[in-house]
Amino acid sequence: MNIFITGGAGYIGSHTCVELLNAGHQVAVFDNFCDSDPEALARVERISGVRPRLYQGDVRDLDVLTHALRDSAATAVIHFAGLKAVGDSVLHPLNYYDNNVLGTLCLLRAMGHCDVKQLVFSSSATVYGDPIELPIPEKHALSANNPYGQTKLVIEKMLRDLYSSDTSWRISILRYFNPVGAHSSGLIGEDPKGTPNNLMPFVAQVAVGRREYLNVWGNDYATPDGTGVRDYIHVVDLALGHVKALERLQSRTECEAFNLGTGIGYSVLDIVRAFEAACGKELPYRIAPRRSGDIAVYYADPSKAKKWLNWEAQRDLKTMCEDSWRWQSTNPLGYG
Ligand code: NAD
Ligand code: UDP
């Protein structure tokens, strides 16, 4: 297949390019590099032997986007492009509605113009809000605690409404839990700009000496060691979930949501210990007050993806930390 990937130079997009190319697909990337580096695509080429075709542009620019999609001759789209920093979305909500919601609206219009009606969309476990059931199944009630989560909810609703109006669309909504790790080559990985908000890249930067110590946001949650519990999933497993989602869409029209997680919860201190084992160093940390808006425990029921997509995460926490460390230690400053 020929697949058009918005945000394909980003963290999850670059890993997905590699897995699609490995599976024999062709890929075209559309990205404005607002949160990524073109070097990621050069690295994709080093891993896979193929340089993805690149269209540089903003998804909110309907003419440029439509032209690129038509020129690529793609028959399916994976939509990663968007902003994802929860805290920043509270400070600058309109940037998030503009980039994420308007960007997706433009994409759907461009797809309509080009008669491309297959879409895999990057949603997030954040759409479950404060969970009332664990593990979290797809049928769990949806809500959002912040503007970023709200944009994902609006987009999911837009996709369901679109499908109701025209059932020839084929749409897969993938709700990611906590993507971590890097490609086993160490050539591509997560490269956050500024101070990382997420745990694993922060821990990796402490390990490589870019940060002095980790703040553990709260040790008084109702969890085994008092620190927050999450469902960390290796980014390569996540990327393979997209390949499976596309395969499924070949044989049916639908609009379905799937959790992509492992179903296993690890605490912040579990992550620190696993990373220490991977990098062979003790990692300094301090217990700090809870981070506002944080939830105690979050992990997926991934059984729908197993049954419907024939997909299951394979990589364990040890592999996540070892791969993350290989990337961070060989690229201490990321792509820059
Ligand atoms: P990322 O920031 O690494 O990648 C996003 C890519 O989109 C970047 O290359 C950026 O330059 C590009 N982009 C952003 N706005 C654009 C625009 N208007 N036009 C064109 N390109 C644009 O993020 P990621 O971690 O790879 O996340 C990809 C998607 O997955 C996002 O939609 C994010 O919300 C979602 N997601 C991520 C996580 C996570 O923890 N990484 C969790 C759940 C969901
Ligand atoms: N966390 C932490 N210190 C950090 C970053 C995160 O203790 O510097 C904790 C956070 O409180 C949560 C877990 O690590 O319990 C995962 O946080 P992350 O931001 O990576 O994911 P999210 O909270 O969005 O699921």
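The values are calculated or read from the model by the stated rules, or taken from the named source; none is laboratory data. All figures in this text were calculated on a predicted structure; none of them were measured in a lab. For neighbour counting, all protein chains shown are included, and Cβ atoms are generated from backbone atoms with ideal geometry for every residue, glycine included. What goes into the accessible areas is simple: the full protein's heavy atoms, side chains included, and nothing from ligands, DNA or RNA. Shrake-Rupley method; radii C 1.70, N 1.55, O 1.52, S 1.80 Å.
May I ask you to verify whether Y266 is open to solvent by 50 Å² or more (accessible area, probe 1.4 Å), within 16 Å of ligand 1 (Cβ to nearest atom) and at pLDDT 95 or above?
Here the answer is yes, as Y266 does meet what is asked.
Give me the residue from the range 196-207 that is assigned to a helix (DSSP H, G or I) and within 15 Å of ligand 1 (Cβ to nearest atom) and, out of that set, surrounded by the fewest Cβ atoms within 10 Å (Cβ to Cβ). It comes out as F202.
Among the residues making up the range 270-280, those that are among the small types (G, A, S) and away from ligand 2 (no atom under 16 Å from the Cβ) are A277, A278, G280. Checked against (1) under 20 Å from the mean Cα position of the chain (by Cα); (2) away from ligand 2 (no atom under 16 Å from the Cβ); (3) open to solvent by 10 Å² or more (accessible area, probe 1.4 Å), V44 passes all but a single condition, namely (3). For the residues S122, S143, the requirement of being at pLDDT 95 or above, within 17 Å of D98 (Cα to Cα) and not aliphatic (A, V, I, L, M) singles out S122.
Quick check: is even one residue across the range 161-170 within 16 Å of ligand 1 (Cβ to nearest atom) and touching a residue at least 60 places away in the same chain (Cβ under 8 Å)?
From the range 161-170, those within 16 Å of ligand 1 (Cβ to nearest atom) are none; that's our starting set.
Looking for residues that are within 16 Å of ligand 1 (Cβ to nearest atom) and touching a residue at least 60 places away in the same chain (Cβ under 8 Å), one finds none in the range 161-170, hence no.
The lone criterion from (1) more than 16 Å from ligand 1 (Cβ to nearest atom); (2) part of a loop (DSSP other than H, G, I, E, B); (3) under 30 Å from L174 (Cβ atoms); (4) among the aliphatic types (A, V, I, L, M) left unmet by I295 is number (1). Can you tell me which residue in the range 145-181 is farthest from L333 (Cα to Cα), limited to those that are among the small types (G, A, S) and in contact with a strand residue (DSSP E or B) (Cβ under 9 Å, 6 or more places away or on another chain)? If we take residues in the range 145-181 being among the small types (G, A, S) and in contact with a strand residue (DSSP E or B) (Cβ under 9 Å, 6 or more places away or on another chain), then S164 is farthest from L333 (Cα to Cα).
The residue of the range 1-41 that is most open to solvent (accessible area, probe 1.4 Å), among those that are more than 17 Å from G181 (Cα to Cα) and assigned to a helix (DSSP H, G or I), is N22.
All conditions in (1) among the polar types (S, T, N, Q); (2) touching a Ser or Thr at 6+ places or on another chain (Cβ under 8 Å); (3) crowded, with 21+ Cβ neighbours inside 10 Å hold for T126, with the sole exception of (2).
How about the range 65-95: which of its residues are among the aliphatic types (A, V, I, L, M) and either open to solvent by less than 60 Å² (accessible area, probe 1.4 Å) or under 23 Å from I173 (Cβ atoms) (or both)? If the condition is that a residue be among the aliphatic types (A, V, I, L, M) and either open to solvent by less than 60 Å² (accessible area, probe 1.4 Å) or under 23 Å from I173 (Cβ atoms) (or both), then L65, A68, L69, A74, A76, V77, I78, A81, L83, A85, V86 are the ones that fit. Pull up the range 244-263, narrow it to residues that are among the polar types (S, T, N, Q) and within 19 Å of the chain's Cα centre (by Cα), then point me to the one that is least open to solvent (accessible area, probe 1.4 Å). For the range 244-263, the residue satisfying everything is N259. Kindly establish whether L260 is touching a residue at least 40 places away in the same chain (Cβ under 8 Å) and either at positive phi or within 16 Å of ligand 1 (Cβ to nearest atom) (or both). Here the answer is yes, as L260 does meet what is asked.
Does K244 meet the test of being among the basic types (K, R) and at pLDDT below 95? Against the criterion (among the basic types (K, R) and at pLDDT below 95), K244 does not qualify. Is one or more of the residues making up the range 61-77 in a helix (DSSP H, G or I) and touching a Pro at 6+ places or on another chain (Cβ under 9 Å)? No, that holds for no residue. Cβ-Cβ distances below 6 Å connect the following pairs, each with a first residue in the range 89-105 that is within 10 Å of R60 (Cβ to Cβ), a second residue that is more than 16 Å from ligand 2 (Cβ to nearest atom) and open to solvent by 60 Å² or more (accessible area, probe 1.4 Å), and a separation of six or more residues or different chains: L102/R60; G103/R60. When residues in the range 281-313 are screened for being open to solvent by 70 Å² or more (accessible area, probe 1.4 Å) and either out of contact with any strand residue (DSSP E or B) (no Cβ under 8 Å at 6 or more places or on another chain) or within 14 Å of ligand 2 (Cβ to nearest atom) (or both), 13 of them pass. Does S124 qualify as being under 17 Å from the mean Cα position of the chain (by Cα) and within 14 Å of ligand 2 (Cβ to nearest atom)? So S124 fits the description; yes.
From the residues in the range 164-195 that are small (G, A, S) and within 16 Å of ligand 2 (Cβ to nearest atom), which one is surrounded by the fewest Cβ atoms within 10 Å (Cβ to Cβ)?
Of everything passing the filter in the range 164-195, G194 is surrounded by the fewest Cβ atoms within 10 Å (Cβ to Cβ).
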